[in-house]
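Trainee: After the structure tokens below, expect a handful of questions from me.
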Amino acid sequence: MTAEEFLHIVQISHHYAEGTSREKTMAQQLNFSYEIHWYDWDVIATFIGHPDAELALIAEAWRFAPDFVEAQPRWAELAQHPAWAAAVAQAQRELPAPNRNWGQVPAYYVRHLIAQKNIKALCLVLESHSVDKGFVARWGSDLMALGHQSIDLRIMDQYAVDAATMGPILDKFATSKYATVRLAVARHEHAGPDALRLLCTDRDEKIAKAAASHKQFPGDALELVAQHEEARQGDRLDRLETLGWKELGDFLGNPDFPAEGLDILAARDDAAIRFACAMHPNASEALLRATLAEPEDWRKAAAALNPALPVAMMTQLADIDSVDIAFALAGNPALPEALQLTLAVHPSRMVRLHLADHTSSHAVLSLIAAQPGRADVHTTFEQLLAVAIDPKSPASKIGNLQAATNTRRSNGEALASSLGYAIARHPKVPEKLLGKMRHALPELIAANPGVQLRLLEGLPLPDPEPVPEWKMNGPEVGKYPGYYINHLLLSKELSVQRMACDHIGCDKALLLPLWLVPDTVLLKKLAQRTDMPRFFYEMLWLLGGESVRAALKANKAARQLTDFRAAPASAVAAPAVKIDARGAIKGNKKERIALASTSTDEAILLALAADKLSEVRDALTNQSSLPWAVVALLSRDAELDIRRRMPAYLAAFPIEQSAAIESALLAEGGVVAESVADHTRNPALQEQMLGKYERRLAYNDHLAPALAEHYLYHGAIDALQRVAGNLEGLPGFSLKAADFLLQVLDHRRGDPLLSLRVLYAAPDEQQQRHHLERIRTYFEQEGERIIFTYYTVQAIVERYPDDPGMQALLARSLGPQTSRENRHWAARLSKHLDDEVIARVMQEGSAGREALAGNPALPAHAADVLKSDADPEVRAALAGWNTRLASHFVNDPATEVRAALAKMTSDVALQRQLLANKQEDVLAGLAQNPHCDSAMMAGLVAANRNYAVRIRVANHPATSLETLQVLLQDRHGDVRANAARVIEERAGAGQESV
């Protein structure tokens, strides 16, 4: 914008505002128009040169761009202006101003943000709806020089103008180091041939595919795509032994995948991969025979799914009485009709219905239609199928088989794919269905004798009629027949697969390839199906994460087939560790992380410490100890969080060995240095950290005694308390600290109540009693002030409940002059409750009654009153200690009361009675009861499969070796780990041996 144009805008705006509420002087209008157009450097220059310009606005521009302002002709005049110094000294206002947005900031402020590399603010500017389209033209080169993906993405998203303008920008972004930026280029409508040619060979598969599928993709680059894909697949074939499931999906879903590759994969210790290899049509005979030798039928089902399985093996499998194998055979397209006839009368209706989706034999379908259907529906699938395969059925009946009425009467089974196929084959298929079926089932319609007769007679056929996508969206998809849904399941779009995968009438065989899709949402929806065999759920269990497994556990149909029990750790052989030529550990990310968390081999740990993935290196810090070479390497790791954890490991090595590394970590500062302060044993290093890291050193369990004296005379009280607690093994210092803290009490320095913890620093019982007397005196002097800090006092009283002074304090706290909360904790701890106190506290609501009920010194007559209290928490507090009333509480209606009793009763008869109760909280209470014997622990495991119960049984001292061995097979890893730990501890102590 030229100076003339800007000043013309000022004049026009001033003219139109005359006589209105917005009327301004010319100087005011100049300033106002300037703040609207100050995104332009020429406007700023024009404003600075104008004699009516506000000096404060010019000073603001000078603060951010002094070089620009000082280059203006008027600068000499401004510098000498008497008000200039005052204008410059004014506080800088917030930019953008409160009545402006980020798209209306001045050019000098944008330059300032770029110089400061303030990415967040620059993103706000780029996202602003009011920023002008010329912004990128002015600042684009400076913004792109920042090389930040957030900036680059917003430039592409907000400024998608014409191809000529965007072309050079996109060509530059195509070389970005950020995958998100390159992907955005590959998808951008204005991406040019050069950018797409470059990106079609990108190392990121998603980017390469997006570029190759772009509408502007140059035809001469197709050969590049083919070469890139060949090289990519070749590289992945070379890494078959280490590829994860996510990368294997493409391979195992490719019908041309070689048998040699399948054999390599099947050799891996992964049941899911072996299953997928065995069901592949190129599986070798050796792999198929190995699958048939599997001990479990659901694993053999993989071979039954293989379309290239020899007939002899199919016959062998058909002789096995297994729903999994029968279901797999029923979906095999190569299954001979003779075996189909056998399966048509299979006892499992699920197998028969699945077979109906995969056979065109009239004899087989007739047998299926003759079998009994569901007794709980009005119209069964078998009845509908009998009509569909009867050539004499009229067209009117055929046309209504999958109508809404029959769908409702059959509980949705009228939508089965097999029924749609039978309708498409029927010679009297009605004309109203021909359009839809010509689109979804073109081959069946073309082979239909009735349709062929129509064509011979010269009658036209309706055009193929696809269902509009908007109609088959979300819940609406469930209204359509299964043969439509099968078309959706073959889609490559994840959102479409998610939408279609739970349809009741789809072909179940089309759900199996979805295992290869690494999408949690899709796998979770599959896990919620209730009409699949065991092998389907077992594969989902192996492939899915926690949410998928949770869905399987919640699926009653799945739980009836398997308990999803993980194999015990002792039964799984540790996989052989393989190292490549560079010394790196072979294996996918998950395998390397598991190895890093468990291996004790120094060579393996050292290789993992150099792994390219930080998640693998981080997993090493899950181990309680590491070899010196590994710790030394990780102390130089690029990841801050890994370096932060190393001082804890360095503390286990001699000071002379770890000193150099600790010094280097200390020099780094920040959280790493704080961690050194927490753990170092080096006295010289500790002394060096006094001051800056003094509070962190107070938490160091290895603090040098000489430094502890520093805290005694120079440290904060809370730091001194921490040091005193850590150095209980040094009686001299502890006694000094205790005396010092008591002096603080005497002189009322700071907050004296914080110093009551001095008792924990006293080194022996005699000194504790000495200090206790002085604290008791302090309590007496403080008077009622303690009612505001009863939590602190309570810790002391609870530690010394028999001390006469403490009981005297409790008696004072029970008085009517103290707070209600104070009385309640005193009522729970006092050993001298008189009737007056009991009566007063009982009148103070359920909290007071609960406090009394939890006091073992409660008189019997008061306990008899509280045993029938309406509040179960009161009864539970009483049941937690009162053995006299145990038989009264054993049948209490409240679970929490019985659970409290279960934790303490030593009466075996009552324990048995509570065990029969079967309530989870009650059983968990029994598992914590120190009076329960080994027979009770065994009974708890047999009576309840709840994790909270089993984990407590595993840690109970009375649990027998036999029960612990049962828990070694538990489905929950924590239970297995605790059982193994207890067995190991007992073996080490000589109690029992495995």
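Trainee: Got a number for residues in the stretch 667-701 being under 37 Å from the mean Cα position of the chain (by Cα), surrounded by fewer than 14 Cβ atoms within 10 Å (Cβ to Cβ) and not in a helix (DSSP H, G or I)?
Mentor: 2
Trainee: Name the single residue, out of those in the stretch 28-79 being in a helix (DSSP H, G or I) and hydroxyl-bearing (S, T, Y), that is farthest from V105 (Cα to Cα). Full working, then the answer.
Mentor: Start the filter on the stretch 28-79 by keeping residues that are in a helix (DSSP H, G or I), which leaves 28-37, 41-49, 55-64, 66-70, 75-79.
Now restrict to residues that are hydroxyl-bearing (S, T, Y): 33-34, 46.
Numbers: S33: 13, Y34: 11, T46: 17 Å.
Within the stretch 28-79, the match that is farthest from V105 (Cα to Cα) is T46.
Trainee: Sticking with this structure for a sec: Looking at the stretch 7-34, which of its residues are under 56 Å from the mean Cα position of the chain (by Cα) and surrounded by 16 or more Cβ atoms within 10 Å (Cβ to Cβ)?
Mentor: N31, S33, Y34
Trainee: For residues that are surrounded by 22 or more Cβ atoms within 10 Å (Cβ to Cβ) and either more than 14 Å from D502 (Cα to Cα) or basic (K, R) (or both), tally how many sit in the stretch 521-535.
Mentor: 2
Trainee: A further question follows. Taking the stretch 402-421 as the search range and keeping residues that are among the small types (G, A, S) and surrounded by fewer than 23 Cβ atoms within 10 Å (Cβ to Cβ), which one is farthest from the chain's Cα centre (by Cα)?
Mentor: Quick first cut of the stretch 402-421, residues among the small types (G, A, S) only: 403-404, 410, 412, 414, 416-418, 420.
In the following step, the residues that additionally are surrounded by fewer than 23 Cβ atoms within 10 Å (Cβ to Cβ) were identified as 403-404, 412.
Working: A403: 43, A404: 41, G412: 36 Å.
So, considering only residues that are among the small types (G, A, S) and surrounded by fewer than 23 Cβ atoms within 10 Å (Cβ to Cβ), the one farthest from the chain's Cα centre (by Cα) is A403.
Trainee: Given (1) under 27 Å from L415 (Cα atoms); (2) within 41 Å of the chain's Cα centre (by Cα); (3) among the hydrophobic types (A, V, I, L, M, F, W, C), identify the lone condition not met by L287.
Mentor: Result: L287 passes all but (1).
Trainee: From the list Q72, Q104, which residue is over 27 Å from E127 (Cα atoms), surrounded by 12 or more Cβ atoms within 10 Å (Cβ to Cβ), touching a residue at least 12 places away in the same chain (Cβ under 8 Å) and among the polar types (S, T, N, Q)?
Mentor: On inspection, the qualifying residue turns out to be Q72.
Trainee: So, one more: Mind listing whichever residues of the stretch 933-968 are over 17 Å from E920 (Cα atoms) and touching a Lys or Arg at 6+ places or on another chain (Cβ under 7 Å)?
Mentor: The answer is L967, L968.
Trainee: Additional query: Across the stretch 328-355, which residue is surrounded by the most Cβ atoms within 10 Å (Cβ to Cβ) among those that are touching a Phe, Trp or Tyr at 6+ places or on another chain (Cβ under 8 Å) and assigned to a helix (DSSP H, G or I)?
Mentor: For the stretch 328-355, the residue satisfying everything is A328.
Trainee: Turning to a different aspect of this structure: Can you tell me which residues in the stretch 536-547 are part of a helix (DSSP H, G or I) and either modelled with pLDDT of 90 or more or exposed (fewer than 14 other Cβ atoms within 10 Å of the Cβ) (or both)? Write out each step before concluding.
Mentor: To start, the set of residues in the stretch 536-547 that are part of a helix (DSSP H, G or I) comprises 536-543, 546-547.
Of everything in the stretch 536-547, those that are part of a helix (DSSP H, G or I) and either modelled with pLDDT of 90 or more or exposed (fewer than 14 other Cβ atoms within 10 Å of the Cβ) (or both) turn out to be F536, Y537, E538, M539, L540, W541, E546, S547.
Trainee: Could I ask something else about it? Go through the stretch 634-649 and give me each residue that's assigned to a helix (DSSP H, G or I) and of a type in the set (S, T, Y).
Mentor: Y649 - this is the single residue of the stretch 634-649 that is assigned to a helix (DSSP H, G or I) and of a type in the set (S, T, Y).
Trainee: Right, something else. Farther than 19 Å from W62 by Cα, assigned by TED's automatic domain parsing to the domain that holds Y109 and among the polar types (S, T, N, Q): is that true of T20 in this structure?
Mentor: Numbers: farther than 19 Å from W62 by Cα: yes; assigned by TED's automatic domain parsing to the domain that holds Y109: yes; among the polar types (S, T, N, Q): yes.
Yes; evaluated as a whole, the condition is true for this residue.
Trainee: Which residues, counting only those in the stretch 249-284, are under 18 Å from L329 (Cβ atoms) and free of Cβ contacts under 8 Å to residues at least 60 places away in the same chain?
Mentor: Answer for the stretch 249-284, where residues must be under 18 Å from L329 (Cβ atoms) and free of Cβ contacts under 8 Å to residues at least 60 places away in the same chain: A278, H280, P281, A283.
Trainee: When only residues in the stretch 306-326 that are assigned to a loop (DSSP other than H, G, I, E, B) and over 17 Å from N282 (Cα atoms) count, which is farthest from the chain's Cα centre (by Cα)?
Mentor: This residue is D319.
Trainee: Right, here's the next one. More than 27 Å from H824 (Cα to Cα), hydroxyl-bearing (S, T, Y) and either under 42 Å from the mean Cα position of the chain (by Cα) or at pLDDT 90 or above (or both) - does that describe any residue in the stretch 879-895?
Mentor: There is at least one residue in the stretch 879-895 that is more than 27 Å from H824 (Cα to Cα), hydroxyl-bearing (S, T, Y) and either under 42 Å from the mean Cα position of the chain (by Cα) or at pLDDT 90 or above (or both).
Trainee: Sort through D152, D142 and tell me the only one that's assigned to a helix (DSSP H, G or I) and either within 33 Å of the chain's Cα centre (by Cα) or modelled with pLDDT of 85 or more (or both).
Mentor: Of D152, D142, the one residue that is assigned to a helix (DSSP H, G or I) and either within 33 Å of the chain's Cα centre (by Cα) or modelled with pLDDT of 85 or more (or both) is D152.
Trainee: Let me ask something additional. Here is a check on your reading of the model: is L634 over 15 Å from L595 (Cα atoms), at pLDDT 90 or above, crowded, with 20+ Cβ neighbours inside 10 Å and out of contact with any strand residue (DSSP E or B) (no Cβ under 8 Å at 6 or more places or on another chain)?
Mentor: Judged against the criteria, L634 is a match.
Trainee: Within the stretch 281-305, how many residues turn out to be out of contact with any Gly (no Cβ under 9 Å at 6 or more places or on another chain), in a loop (DSSP other than H, G, I, E, B) and within 15 Å of M539 (Cβ to Cβ)?
Mentor: Within the stretch 281-305, residues that are out of contact with any Gly (no Cβ under 9 Å at 6 or more places or on another chain), in a loop (DSSP other than H, G, I, E, B) and within 15 Å of M539 (Cβ to Cβ) number 2.
Trainee: Being buried (at least 21 other Cβ atoms within 10 Å of the Cβ) and of a type in the set (A, V, I, L, M, F, W, C) is the filter here; which residues of the stretch 261-287 pass it?
Mentor: Passing the criteria: L262, L265, A266, I273, F275, A276, C277, A278, M279, A283, L287.
Trainee: Moving on to the next point. What's the number of the condition Q371 fails, among (1) part of a helix (DSSP H, G or I); (2) in contact with a helix residue (DSSP H, G or I) (Cβ under 7 Å, 6 or more places away or on another chain)?
Mentor: (1)
Trainee: If the requirement is being within 26 Å of Q116 (Cβ to Cβ), modelled with pLDDT of 80 or more and either small (G, A, S) or in the same structural domain as L113 (by TED's automatic domain parsing) (or both), which of these qualifies: A91, A97?
Mentor: A91
The values are calculated or read from the model by the stated rules, or taken from the named source; none is laboratory data. Keep in mind it's a predicted model, so treat the numbers as computed, not measured. No Cβ is skipped: glycine too gets one built from the backbone with ideal geometry, and neighbour counts run over all protein chains shown.
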